[in-house]
Amino acid sequence: ILIVVCDLLILFLLYFIIDRRSIKAVSNVLSGIHSLAEGKLIRLKEKGTFSEIATQLNKTSDLLKTRSIAQENWIAGISHDIRTPLSIILGYAEKIETNSLLPKDVQEKASLIKYQGIRLRNVVNDLNLITRLGDETHPVHQDFFHPTVFCRELVAEFLNNGIPESYSVELDIDKELEPVKLKGDTHLLRRAINNLLHNSIRHKPEGCNISFRLYENDKQVLFAVSDNGKGMTSGEIEVLQNRSHYLSNTDSSFNRQHGLGLYIVQQIVKMHNGDITFGKSESGGLDVTITLPVDKSLFSI
């Protein structure tokens, strides 16, 4: 009986050891698969029961890294080739736009060319930016800044870039935020807000009213951009709110309309540990609210 009991204990101990090693190996593999699904690079230990699977996952990670580098280099090359002729187009368009000796309709057409050229330049900048978002080799450079000053300068620059007269931007700033400071990358945040403003224009070609609010709620700073355009359905808003990639939706027309620009906004907000919500405005258009955390002590600065 003693021998049988000892044998059972040995068998149980062996089973326990093997089971723990198997669970650990499976957890290692599953962790790698989840990381790859999120677009992260991995390096698993190629040991144990599932060493062959770990080896294949490592090869997949290396392949994704190679493709990512190739994609980034390709986008950088295309962007460089586009910038030079685009700068010439914008330069001549601005000269024609400001030449009072030319007919009014010619100046208006030059203004339209300039505006569309700026849109194209923003797309090129977005392509370059999307390759850097989430890359640890390109950290976010954060400094303290006044959001009130930031918003005024941003709207002034946006209006001075020659948007058509059929569009208007109303800026509403909570006066209590005048002394408050935020910490963030102002270049990236400016890109995010600009993308939201241009998104309102792009989906309402005949013109619309855009509202840009800066206010405080529960010691948090909120940037809200809304319009009276056509807006989106509840289903489209849900997809936009929950997507993990700018091409995650199977509807190709939806991706073309709300693909790169809004995805970049979501990524920038995420990098600043903030939240972004999409909804319908009171007039039926799109309402986007960005919430950024702030040190409560900064409200007394």
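Within the range 42-100, how many residues turn out to be in a helix (DSSP H, G or I), hydroxyl-bearing (Ser, Thr, Tyr) and farther than 30 Å from Lys24 by Cβ?
The total comes to 4.
Among the residues of the range 2-43, write down those that are acidic (Asp, Glu) and at pLDDT below 80.
Asp19, Glu38, listed by residue number.
Among the numbered conditions (1) more than 22 Å from Ser87 (Cβ to Cβ); (2) at pLDDT 85 or above, tell me where Glu157 comes up short.
Just one mismatch for Glu157, condition (1).
Filter the helices (runs of 4 or more DSSP H) completely within the range 234-301 down to those with at least 1 residues that are modelled with pLDDT of 80 or more and either within 24 Å of Phe212 (Cα to Cα) or open to solvent by 20 Å² or more (accessible area, probe 1.4 Å) (or both).
234-242, 260-271
Restricting the first residue to the range 54-75 and requiring it to be within 12 Å of Asn128 (Cα to Cα), which pairs with a second residue that is surrounded by 11 or more Cβ atoms within 10 Å (Cβ to Cβ) and of a type in the set (Ser, Thr, Tyr) meet a Cβ separation below 7 Å and a spacing of at least six or different chains?
Gln71/Thr131; Glu72/Thr131; Ile75/Thr131
Just checking, which of Asn58, Asn73 is in contact with a Leu (Cβ under 9 Å, 6 or more places away or on another chain) and farther than 23 Å from Phe158 by Cβ?
Asn58 is the lone residue from the list that is in contact with a Leu (Cβ under 9 Å, 6 or more places away or on another chain) and farther than 23 Å from Phe158 by Cβ.
Just a yes or no: is a residue in the range 212-221 open to solvent by less than 20 Å² (accessible area, probe 1.4 Å), in a helix (DSSP H, G or I) and of a type in the set (A, V, I, L, M, F, W, C)?
No; the residues of the range 212-221 include none that is open to solvent by less than 20 Å² (accessible area, probe 1.4 Å), in a helix (DSSP H, G or I) and of a type in the set (A, V, I, L, M, F, W, C).
Of Val123, Val106, which residue is hydrophobic (A, V, I, L, M, F, W, C), open to solvent by less than 90 Å² (accessible area, probe 1.4 Å), at pLDDT below 90 and out of contact with any Lys or Arg (no Cβ under 7 Å at 6 or more places or on another chain)?
Among Val123, Val106, only Val123 is hydrophobic (A, V, I, L, M, F, W, C), open to solvent by less than 90 Å² (accessible area, probe 1.4 Å), at pLDDT below 90 and out of contact with any Lys or Arg (no Cβ under 7 Å at 6 or more places or on another chain).
Which of the residues spanning the range 195-208 are open to solvent by 90 Å² or more (accessible area, probe 1.4 Å) and not in a helix (DSSP H, G or I)?
Pro205, Glu206
The values are calculated or read from the model by the stated rules, or taken from the named source; none is laboratory data. Quantities reported herein were computed from a predicted structural model and do not represent experimental measurements. Using ideal geometry, Cβ is built from the backbone for each residue, glycine included, and neighbour counts are taken over all protein chains shown. Ligands, DNA and RNA are excluded from the accessible area calculation, which covers all protein heavy atoms including side chains. Shrake-Rupley method; radii C 1.70, N 1.55, O 1.52, S 1.80 Å.
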